[in-house]
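Colleague: This is the structure I want to talk about, given as structure tokens.
The values are calculated or read from the model by the stated rules, or taken from the named source; none is laboratory data. Computed from a predicted model, the values in this text were never measured in an experiment. When we count neighbours, we look across all protein chains shown, and the Cβ atoms used for this are built from the backbone with ideal geometry, even at glycine. Just the protein is used for accessible areas: all its heavy atoms, side chains included, with ligands, DNA and RNA removed. Shrake-Rupley method; radii C 1.70, N 1.55, O 1.52, S 1.80 Å.
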Amino acid sequence: MAVVPMVWAGDRLRLLDQRRLPLEEAWLELTSASEVADAIREMAVRGAPAIGVAAAYGMALAAFHGENRQVADAILRSSRPTAVNLFWALDRIGLVKEWSGNEILAEAMRIESEDREANLAIGRHGAELLRPGTRILTVCNTGSLATAGHGTALGVIRTGHEKGVLSHVYACETRPRQQGLRLTAWELTKDGIPFSAIADGAAGYLMRLGKVDAVIAGADRIAANGDTANKIGTYTLAVLARAHGIPFYIAAPMSTVDLAIKDGSQIPIEERSAEELTIIDGHCVAPSGCPVYNPAFDVTPAELISAIITEKGVALPPFQFPP
Ligand code: MRU
């Protein structure tokens, strides 16, 4: 059965708890906007498009249960700062005039199905860029778990595999939350796509060995000039790709493009807790009181990006997006 990160269940939102994957497939039952906001903040659901869809359903729960509209909207907006899809989805919900459960739910469902369609189109456009036998390196999780289905960068990988042009995927572990090792590896295994998980620090060595033909990453926010915020470590991969003459692609729906932001310097970058770094498997592995700096995202400047793949097609530099 296809992986989905959440399912609307009539009067509640069932959410696959991504913190427990791949060891356990546990589902949360959410009934209020603040429960959805907590699930986003604590990363039970994560990935820019999936966060947006979850927030839209959070507003539907709030409307059905008679919560105050502005309060619910504000709680959800404060859950995570970087992925613009969250704010984009809440803005769309904000355009629904009537504060009625059925009306808000209908818009949330449209947002979800449009994202799924966008991902399938991203997959088709992106796969056109791949030559037979391509070996792709990717980071974080950008698959069905991170979207309404199929995925962005992982959607390109999926479609490339279906078309028979992909020979191997290298999935960066993606410290500190290990979305690559836990989630991308889980999705690739389910789909029977040949891959190896690698430690983040191995990426440059693999490129040097000539084992990588393209790097494909997702995005949390793309500025008007193409500068792209994505999972911490993405910028490092882009620099390495440029140094080795390897194309570096970003795959994301248009809902991730923030035309209100001129360039990457204005993208808010989330900082997360020290414990994400220092605690491994429930044990603190750092000296007590170890100072930590833990930015969750970085910004790749547009000049390092070979192409941005959206549902509208493949944009080449200099990047310009339709309003
Ligand atoms: O902190 P996360 O796991 O929410 O970060 C996710 C990413 O950085 C993804 O690459 C991005 O959201 C795109 S998901 C299609």
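Colleague: Among the listed residues ALA214, ALA224, ALA260, ALA219, identify the single one that is open to solvent by less than 50 Å² (accessible area, probe 1.4 Å), out of contact with any strand residue (DSSP E or B) (no Cβ under 6 Å at 6 or more places or on another chain) and either more than 19 Å from GLN178 (Cβ to Cβ) or away from the ligand (no atom under 11 Å from the Cβ) (or both). Give the steps one after another, and end with the answer.
Modeller: Numbers: ALA214 fails: out of contact with any strand residue (DSSP E or B) (no Cβ under 6 Å at 6 or more places or on another chain); ALA260 fails: open to solvent by less than 50 Å² (accessible area, probe 1.4 Å); ALA219 fails: out of contact with any strand residue (DSSP E or B) (no Cβ under 6 Å at 6 or more places or on another chain).
Answer to the selection: ALA224.
Colleague: Would you mind listing the strands (runs of 3 or more DSSP E) fully within the stretch 4-54 where at least 3 residues are in contact with a Ser or Thr (Cβ under 7 Å, 6 or more places away or on another chain)?
Modeller: Numbers: elements: 6-8, 13-16, 27-30.
Passing ranges: none, list empty.
Colleague: Would you point out the residue of the stretch 64-82, among those that are of a type in the set (A, V, I, L, M) and open to solvent by 10 Å² or more (accessible area, probe 1.4 Å), that is farthest from the ligand (Cβ to nearest atom)?
Modeller: As a first pass, look at the stretch 64-82 and keep what is of a type in the set (A, V, I, L, M): 71-72, 74-76.
Pick out the ones that are also open to solvent by 10 Å² or more (accessible area, probe 1.4 Å) and you get 71, 74-75.
Values: VAL71: 24, ALA74: 21, ILE75: 18 Å.
So the residue we want is VAL71.
Colleague: May I pose another question? How do the strands (runs of 3 or more DSSP E) wholly within the stretch 263-323 filter down when requiring 2 or more residues that are surrounded by fewer than 18 Cβ atoms within 10 Å (Cβ to Cβ): which remain? Walk me through it before giving the result.
Modeller: Details: elements: 297-300, 307-310, 313-315.
The qualifying strands (runs of 3 or more DSSP E) are 313-315.
Colleague: Let me ask something else about it. Out of curiosity, is ILE136 away from the ligand (no atom under 16 Å from the Cβ), in contact (Cβ under 8 Å) with a residue 40 or more places away in the chain, farther than 18 Å from PHE297 by Cα and open to solvent by less than 10 Å² (accessible area, probe 1.4 Å)?
Modeller: Working: away from the ligand (no atom under 16 Å from the Cβ): no; in contact (Cβ under 8 Å) with a residue 40 or more places away in the chain: yes; farther than 18 Å from PHE297 by Cα: yes; open to solvent by less than 10 Å² (accessible area, probe 1.4 Å): yes.
In short, no.
Colleague: May I pose another question? Is it the case that some residue within the stretch 170-192 is within 16 Å of the ligand (Cβ to nearest atom), buried (at least 24 other Cβ atoms within 10 Å of the Cβ) and under 25 Å from LEU259 (Cβ atoms)?
Modeller: Taking every residue of the stretch 170-192 in turn, none turns out to be within 16 Å of the ligand (Cβ to nearest atom), buried (at least 24 other Cβ atoms within 10 Å of the Cβ) and under 25 Å from LEU259 (Cβ atoms).
Colleague: Consider LEU206 carefully, then state whether it is in contact (Cβ under 8 Å) with a residue 60 or more places away in the chain, open to solvent by less than 20 Å² (accessible area, probe 1.4 Å), in a helix (DSSP H, G or I) and more than 12 Å from the ligand (Cβ to nearest atom).
Modeller: On the way: in contact (Cβ under 8 Å) with a residue 60 or more places away in the chain: yes; open to solvent by less than 20 Å² (accessible area, probe 1.4 Å): yes; in a helix (DSSP H, G or I): yes; more than 12 Å from the ligand (Cβ to nearest atom): yes.
Yes.
Colleague: Would you check which residues across the stretch 227-257 are outside any loop (DSSP other than H, G, I, E, B), small (Gly, Ala, Ser) and open to solvent by 10 Å² or more (accessible area, probe 1.4 Å) and list them? Talk me through it step by step, then tell me what you get.
Modeller: Keep residues of the stretch 227-257 that are outside any loop (DSSP other than H, G, I, E, B), which gives 228-231, 234-243, 248-251, 254-257.
Imposing the further condition that a residue be small (Gly, Ala, Ser) reduces the set to 229, 238, 241, 243, 251, 255.
Answer for the stretch 227-257, where residues must be outside any loop (DSSP other than H, G, I, E, B), small (Gly, Ala, Ser) and open to solvent by 10 Å² or more (accessible area, probe 1.4 Å): ALA243, SER255.
Colleague: Looking at (1) in contact with a Pro (Cβ under 8 Å, 6 or more places away or on another chain); (2) more than 25 Å from LEU209 (Cα to Cα); (3) away from the ligand (no atom under 12 Å from the Cβ), can you tell me which one THR159 breaks?
Modeller: So the condition that THR159 fails would be (1).
Colleague: Something else: Return yes when ARG92 is away from the ligand (no atom under 16 Å from the Cβ), within 21 Å of the chain's Cα centre (by Cα) and either open to solvent by 10 Å² or more (accessible area, probe 1.4 Å) or of a type in the set (A, V, I, L, M) (or both) and no when it is not. Outline the logic, then answer.
Modeller: Working: away from the ligand (no atom under 16 Å from the Cβ): yes; within 21 Å of the chain's Cα centre (by Cα): yes; either open to solvent by 10 Å² or more (accessible area, probe 1.4 Å) or of a type in the set (A, V, I, L, M) (or both): yes.
Taking the combined requirement at face value, the residue satisfies it.
Colleague: Here is a list: LEU28, LEU21. Which entry is at pLDDT 95 or above, within 16 Å of the ligand (Cβ to nearest atom), under 19 Å from LEU183 (Cβ atoms) and surrounded by fewer than 22 Cβ atoms within 10 Å (Cβ to Cβ)? Lay out the reasoning, then the answer.
Modeller: Values: LEU28 fails: within 16 Å of the ligand (Cβ to nearest atom).
That would be LEU21, the only listed residue that is at pLDDT 95 or above, within 16 Å of the ligand (Cβ to nearest atom), under 19 Å from LEU183 (Cβ atoms) and surrounded by fewer than 22 Cβ atoms within 10 Å (Cβ to Cβ).
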